[in-house]
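Inspection log for the structure reproduced underneath, given as structure tokens.
Derivation of every value follows stated rules applied to the coordinates shown; laboratory data play no part. Remember, predicted model here, so these are calculated numbers, not experimental data. Quick reminder, even Gly has a Cβ in these numbers, built from the backbone with ideal geometry, and neighbours come from all protein chains shown.
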Amino acid sequence: MTPYISALLYRYPCVIVPGFGAFITEIQSSFYDAEKQLFFPPQKRISFNRNIVNNDGLLANHIATQEQLSYEEAVMRIQTMVVDWNNTLTSFDTLDLESIGVFSYNEEKSLQFEPIQNQNYLATSFGLSPMEVQAIQREEAATTAVIPLETVATKRNRTATFFKYASVVVLTLGVGSVLVQNGYTAYVNDQTLSIENKVQSQVQNKIQQATFIIEPTMDAIALPVKEETTVVAPPYHLVAAAFRSEENAAIEVELLKKKGFEDASFLGRTKYGMYPVVYGSFTTHEEAKKALREIHRTTNKEAWIFIK
């Protein structure tokens, strides 16, 4: 079962195991570990949330597709797996999920999750491994040279002569560039002013041509305005199944209506690409729980409440 969870972690930011919890991924930028002297590529970090346990249909549909099972059979297989996981934790205080991480209980009997370190679920970093780097050591070599005084004096004279002529050249070029720049700026300003005057003239002509006066030909009649009321959709939905295809969801709705569930419908596509099919929708949580108990008793023990 863990290979299916691993496959979904590459594609989705959250994979829920109904009745157990949710694996959540977060993209981390590349970083440098000074202690290990390693550069790590960008990666997805995995965390675990024990409180997210409602079935969103993602894992069950993936298992059903891969193993050619019905959705209900896939849900039952997940439930069996969760029971085995809980029994393992109870017996050994630890649960090792290959390529995902290790669960264990701390001294306060709280469930802890330690993700595996050598598994990167970021598809764009596939094949990239940590790169070892070492600091560059530079040694400064100090050398002392003895130069004859006559040679130094000769070089100083040559250098002074060179800078004297170079200063004259630089000053001449600077004055010339300032004059050229000022002349070009004056030319641009003249052209800009001329264009602006032409545009303003054309705009005024257009305004004069388009100006007219509207006089009322009859008294104004006040018409009543119908007040619009905002319809708020019920937030609690009793889910029967979830489908990746909108056509299959519509077929399931028709089957439920033939069984007597007149309020059956399907919701819009979720962020996981599923279309939930619902027995009905309710405005309060109490109404939804009451209907869920009745559905569990008479029709479908795998039904669940979806809050939207």
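Descriptive notes on the structure:
- The charge dipole of region 236-307, taken about its Cα centre with unit charges on the Cβ of Lys, Arg, Asp and Glu (plus for the first two, minus for the last two), comes to roughly 220 debye.
- Estimated at 0.36 nm per residue, the fully extended path between ASN87 and LYS271 surpasses their Cα-Cα distance by 63.0 nm.
- Less than 5 angstrom separates the built amide H of ALA241 from those of VAL277, all sequence-distant by 5 or more or on a different chain.
- Charge tally for ILE24 (other residues, Cβ to Cβ under 11 Å; Lys, Arg +1; Asp, Glu -1): +1.
- A cut-off of 5 Å between modelled amide H atoms, ignoring neighbours fewer than 5 places along the same chain, links VAL17 with ALA22, PHE23.
- Packing-based ranking of 274-280, 47-53, 99-105 yields 274-280, 99-105, 47-53, ordered from highest to lowest mean Cβ neighbour count within 10 Å.
- Shape category assigned to region 237-308 from the gyration tensor of Cα positions, a/c cut at 1.5: oblate
- Annotation: amide H of ARG45 within the under-5 Å range of GLU26, ILE27, GLN28, sequence separation 5 or more or interchain, hydrogens built in the peptide plane.
- HN-Hα J in Hz across region 284-296 - Karplus 6.51, -1.76, 1.60, θ = phi - 60°, x for Gly and Pro: 10, 5, 5, 4, 5, 5, 5, 5, 5, 4, 5, 5, 4
- Relative packing of peptides 3-14, 106-117 - highest average C-beta neighbours within 10 Å first: 3-14, 106-117
- Distance between the 7 Å Cα→Cβ label points at THR80 and ASP96: 2.4 nm.
- Across region 70-90, the residues whose backbone nitrogen lies under 17 Å from the label position 7 Å along the beta-carbon direction of LEU111 are 78-90.
- Applied to region 11-24, the Karplus parametrisation 6.51 cos²θ - 1.76 cosθ + 1.60 on θ = phi - 60° returns per-residue 3J(HN,Hα) values of 10, 10, x, 8, 10, 9, 9, x, x, 10, x, 10, 8, 10 Hz, with x for Gly and Pro.
- Couplings 3J(HN,Hα) of region 70-84, computed from phi: 7, 4, 5, 5, 5, 4, 5, 5, 5, 4, 5, 5, 5, 4, 5 Hz, in residue order, whole Hz [Karplus 6.51 cos²θ - 1.76 cosθ + 1.60, θ = phi - 60°; x for Gly and Pro].
- Inter-site label distance for ILE27 and GLN66 at 7 Å from Cα along Cβ, in nm: 2.4
- Within-12-Å neighbourhood charge of VAL239 [Cβ basis; K, R +1; D, E -1]: -2
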